[in-house]
Each structure stands twice: as C-alpha cells, then as structure tokens.
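The values are calculated or read from the model by the stated rules, or taken from the named source; none is laboratory data. Quick caveat, the model's predicted, so the values are computed rather than measured. Using ideal geometry, Cβ is built from the backbone for each residue, glycine included, and neighbour counts are taken over all protein chains shown. Note: areas computed on protein heavy atoms with side chains; ligands, DNA, RNA excluded. Shrake-Rupley method; radii C 1.70, N 1.55, O 1.52, S 1.80 Å.
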Amino acid sequence: MSGRAPRQEEEEGERESAKLRHKEELSRRIKEQKVVVDELSNLKKNRKVYRQQPNSNIFFLADRTETLSQCKNALDELKKAHQEMENSEKTKIKK
C-alpha cells in the first residue's frame, strides 16, 4: 500500500483517466484535421468549398485557400496542445 488514503488514490486515478481521455480525443482530432487539410490540398482549383455553420445544418460558400489556411492553423494548434501535454507528462516522470 502506498500510505495514501483510498479516496486520494481514487481521485488521482480519475485525474489520470481524464487526462488519458483528453489525450486520446486530441489525437483523434489531429487525425481528422490532417484528413481535412489533405482533402482541401488535393482539390482542383475550380472546386467549390462550403463551410457548415456551427450548431446548424446550414452551409455557406467559402474561399478554398482561406479555408485551407484556417484548417492548417487549427491543425497546428492541436499539435501544439498535444506536444505540451506530452512535455508535461515527461516533466512529471522526471520528478
């Protein structure tokens, strides 16, 4: 036994589980975003791109290059968040 109260160990386990779920969710979103960027990159110049409005089934015509740029930025942000999470885990292991 580690000498900690069972309640404290349970809370730490829940935190670790939540972090793992968050990390898995980030990985899933990174994969999705990579597919979107790849699809937009491979579109012919004359193809139209539509963006869905949040929380709605309405789509609006969008500029292909602007949409690609926004998707690349979103991918970069997701990768940055994932890297920060990896770095914080490495820091905890060293301690």
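The table below lists the values:
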item	result
Residue in segment 49-58 that is exposed (fewer than 10 other Cβ atoms within 10 Å of the Cβ), among the basic types (Lys, Arg) and over 27 Å from Glu84 (Cβ atoms) present	no
Selected residue (criterion: nearest to Glu25 (Cα to Cα)) from residues of segment 46-95 that are small (Gly, Ala, Ser) and not in a helix (DSSP H, G or I)	Ser56
Pairs, first part of a helix (DSSP H, G or I) in segment 18-30, second open to solvent by 50 Å² or more (accessible area, probe 1.4 Å), C-beta under 8 Å, six or more apart	Ile30/Lys79
Residues within segment 1-31 that are touching a helix residue (DSSP H, G or I) at 6+ places or on another chain (Cβ under 9 Å) and modelled with pLDDT of 90 or more, tallied	4
Output for segment 11-27, where each listed residue is open to solvent by less than 100 Å² (accessible area, probe 1.4 Å) and of a type in the set (D, E, K, R)	Glu11, Glu12, Lys19, Lys23, Glu25
Any hit, segment 30-43, residues being surrounded by 14 or more Cβ atoms within 10 Å (Cβ to Cβ) and touching a His at 6+ places or on another chain (Cβ under 9 Å)	yes
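Residue-wise test of (1) among the aromatic types (Phe, Trp, Tyr); (2) touching a strand residue (DSSP E or B) at 6+ places or on another chain (Cβ under 8 Å); (3) over 30 Å from Lys90 (Cα atoms).
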{"site": "Ser27", "(1), (2), (3)": "no, no, no"}
{"site": "Ile30", "(1), (2), (3)": "no, no, no"}
{"site": "Leu40", "(1), (2), (3)": "no, yes, yes"}
{"site": "Lys45", "(1), (2), (3)": "no, no, yes"}
{"site": "Lys48", "(1), (2), (3)": "no, yes, yes"}
{"site": "Phe60", "(1), (2), (3)": "yes, yes, yes"}
{"site": "Gln70", "(1), (2), (3)": "no, no, yes"}
{"site": "Ala74", "(1), (2), (3)": "no, no, no"}
